[in-house]
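Everything below concerns the one structure shown next.
The values are calculated or read from the model by the stated rules, or taken from the named source; none is laboratory data. Keep in mind that this is a model prediction, so the values were computed, not measured. Quick reminder, even Gly has a Cβ in these numbers, built from the backbone with ideal geometry, and neighbours come from all protein chains shown.
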Amino acid sequence: MFSIQTFKSGKILLSYIMEITKISSKGQIVIPQKIRAELNIGEGSVLGIEKMNDMIVLKKIDLDLVRQFKEGLEDLKSGRVRRVA
């Protein structure tokens with residue numbers, strides 16, 4: 001989360017406030033409620049995970065978009081669709 005502060009001198013300070021969580025003995029983490037609410041993440045939501053340098057990045061996956069993409073590929077492979085605009 002970013003915080004922006006403006007000083008009388010007109011200078012702007014952009015600071016980063018990081019949420020902190022612990023890993024359980026099973027390797028599980030808790031995503032803070034505020035972040036879950038902002039991203040509409042709930043029980044059963046699907047997240048992608050990847051390692052970037054020394055970071056772990058979680059990305060919310062839109063399953064409806066994935067389904068539409070798969071259906072589009074199947075349409076192309078089967079010849080039902082010949083051209084994508």
Inset, instruction - Could you check how many residues of the stretch 22-44 are surrounded by 11 or more Cβ atoms within 10 Å (Cβ to Cβ) and either among the charged types (D, E, K, R) or within 11 Å of the chain's Cα centre (by Cα) (or both)? - result: 4
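Tell me yes or no: at least one residue of the stretch 15-27 is in a strand (DSSP E or B) and at pLDDT below 90.
Within the stretch 15-27, one or more residues are in a strand (DSSP E or B) and at pLDDT below 90.
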Legend entry - From I61, I49, I41, I56, residue being in contact with a helix residue (DSSP H, G or I) (Cβ under 9 Å, 6 or more places away or on another chain), modelled with pLDDT of 85 or more and within 30 Å of E19 (Cα to Cα): I41
Legend entry - Residues (surrounded by 11 or more Cβ atoms within 10 Å (Cβ to Cβ) and out of contact with any Gly (no Cβ under 9 Å at 6 or more places or on another chain)) located in the stretch 45-59: S45, V46, L47
